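Below is one structure, written out as structure tokens, with a few remarks after it.
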Amino acid sequence: MNNVAELTKGQRKAIKYHARNLQELAAILGIEVTDLPKIFQSHGKRVFKIGIHADLAAKYPEADADQLSIWFAKWTGLTPYLYRIVNGKHRHDLDGNDVAMITDEDRKHAQARLDKRARRKTQRQQEAA
């Protein structure tokens with residue numbers, strides 16, 4: 001699938017959502033999306049290293065720390081991000097370099113969050129039926 005016309009509706013929606021999140025981050029940092037650190041140019045396919053929030057705050061000291069915290073909490077709570085933790089191997093720094101292994105504890109925590117979401121979804125579907 002190289003052509004936008006070949007993408008499913010869900011894939012197009014995900015791409016737009018991803019782009020909107022990166023625009024929001026760039027606005028918080030006071031930069032253009034194209035100037036975001038390399039890790040954000042990986043189409044959201046990498047797991048952040050522990051403490052990357054502090055690295056970004058140090059690199060962009062003018063950024064609003066509260067807004068940055070909110071953005072990271074939202075991003076790292078996304079279902080696709082949690083799946084990347086469950087299935088991934090490494091955490092990455094701002095330059096996209098592997099810097100640490102994803103621990104079993106990280107995987108268990110992410111899987112627990114995914115399981116809870118699945119249970120809530122099933123419950124909502126049963127209540128709606």
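Since every read-out is calculated from the coordinates, none of them should be taken as a lab result. What you are looking at is a predicted structure, and each value in this text was computed from that prediction instead of being measured. We place every Cβ from the backbone using ideal geometry, glycine too, and count neighbours over all the protein chains shown.
How tilted is helix 104-128 with respect to the longest principal axis of the chain? Cα atoms for both, answer in degrees (0 to 90, nearest 10).
Tilt of helix 104-128: around 50 degrees.
For segment 112-129, list residues with backbone N below 20 Å from a point placed 7 Å from the Cα of Lys9 toward its Cβ?
125
Mind checking which lysines have their C-alpha under 18 Å from Lys116, skipping anything on the same chain fewer than 8 residues away?
Qualifying lysines at Cα under 18 Å: Lys74, Lys108.
What nm distance separates the two modelled labels at His43 and Lys108, each placed 7 Å from Cα along Cα→Cβ?
In this crude label model, His43 to Lys108 measures out at 3.4 nm.
In debye to the nearest 20, how big a dipole does segment 8-128 give about its Cα centre with +1 on each Lys and Arg Cβ and -1 on each Asp and Glu Cβ?
1000
For Lys38, which lysines qualify as cross-link partners when the Cα separation must be under 18 Å and same-chain residues fewer than eight apart are set aside?
The reachable lysines, counting only those whose Cα sits under 18 Å from Lys38, are Lys49, Lys59.
Computed FRET efficiency, Cβ-Cβ of Ala27 and Ala129, R0 30 Å: what is it to the nearest 0.05? It would help to have the intermediate numbers written out before the result.
Details: r = 42 Å, r/R0 = 1.39.
The calculated FRET efficiency here is 0.10.
Computed from these coordinates, which is P(r) over Cα pairs in 10 Å bins from 0, in percent: (i) 11, 36, 34, 16, 2, 0; (ii) 12, 42, 35, 11, 1; (iii) 14, 37, 29, 15, 4, 0?
Only one listed value fits the structure, namely (i).
Could you give the length gained on full extension between Met101 and Leu78, defined as 0.36 nm per residue of separation minus the Cα-Cα distance, in nm?
Details: separation 23, 0.36 × 23 = 8.28 nm, distance 2.01 nm.
Computed gain between Met101 and Leu78 is 6.3 nm.
Going by average Cβ density within 10 Å per residue, which order do the peptides 19-29, 64-74 take, highest to lowest? Walk me through the intermediate numbers first.
Numbers: 19-29: 16.3, 64-74: 13.6.
Ranked by mean Cβ neighbours within 10 Å, highest first: 19-29, 64-74.
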